[in-house]
Ligand code: DQA
């Protein structure tokens, strides 16, 4: 099964971006980890990151057309983008929402809303980078260890 791991704005700076919140793993390292975790689960994983909302919407539309599963960290778009909401609505294969931190436990009120959650089979938040492994396990149909 093909799975797209799609990461939104500022996640390209993982490792350098607020490491006390997001950890020290870089996006390139995360991508390698996801491909390896996917291989172990029998999934064909492709990891992408963009800071451009239209690019993300094109990728989500492509996943809808191709019937690909999606692991989505929409980052800040999670909290306000109705274009992302509409794009998620069109997906047919499972969508798992992932966040490195737990937005609901963070002080900023705006992080407590998600436009992705209504279309996600599950939300994985607050498990750091390991959340991506858990999300891939959910896509593969298992219960994450
Ligand atoms: C995030 C949480 C969001 O609130 C934030 O805007 C991000 C990253 C996370 O992975 O914890 O950019 O999605």
Of every Cα-Cα pair in the range 2-139, the percentage lying beyond 17 Å is 55
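Compute the normalised compactness of the range 8-53: alpha-carbon radius of gyration over 2.2 N^0.38 Å, N being the residue count.
Details: Rg = 11.7 Å, N = 46, 2.2 N^0.38 = 9.4 Å.
For the range 8-53, the normalised Cα radius of gyration is 1.25.
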For the range 105-145, count the residues as N, evaluate 2.2 N^0.38 Å, and divide the Cα radius of gyration by that value, please.
-> 1.31
For the range 1-77 versus the range 85-145, the gap between their alpha-carbon centres in whole angstrom = 12
Contact order relative to length for the chain, counting C-alpha pairs under 8 Å separated by 6 or more residues, stands in percent at 25
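Coordinate-derived values only; no laboratory data. All figures in this text were calculated on a predicted structure; none of them were measured in a lab.
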